[in-house]
Amino acid sequence: MIEIATAPLTGKALLQKVKELSHLPRRETAKRCGYYTTTKNDQTRVNLTDFYDAVLAAKGVPLDPEGTKDGRGREPTYRVSVHKNGQIVIGATYTLAMGLKSGDEFEIKLGYKHIHLKQVDSDPSKMTDDDDSEMEED
């Protein structure tokens, strides 16, 4: 009878099992280490990518140390380009990180090769002039 792990192996246990199964094809090794799924039609699909990632992580080679929040979308790059229509899109990643809501307003200040966006706050006690000291000519 073939021994197949129920939960995917990780760490030292995974490396030991891979060493024991070195005589088998890689798909069979991954399957026996628990890196597979069974479809509705009882077909077995081997998850080689997850298997390889786990082996690399067990060997101390992290591919994505920070990871993504939910695995969808692009990573923020903090660089944008001007679109053909002249617009610059900041993106939801940044507005969420700042805690902005629909309807929040900003004052735009133009400088030499830079733009400052200063949030307009309806409560004057929350406004500070700290941002003005950061304005420098590039």
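The values are calculated or read from the model by the stated rules, or taken from the named source; none is laboratory data. Remember, it's a predicted structure, so these values are computed and weren't measured experimentally. Backbone-built Cβ (ideal geometry, glycine too); neighbour counts: all protein chains shown.
Against the list (1) at pLDDT 80 or above; (2) loosely packed, with under 10 Cβ neighbours inside 10 Å; (3) assigned to a loop (DSSP other than H, G, I, E, B), the condition Lys19 fails is (3).
Counting only strands (runs of 3 or more DSSP E) wholly contained in segment 34-138, no element carries 1 or more residues that are closer than 23 Å to Leu9 by Cβ and at pLDDT below 85.
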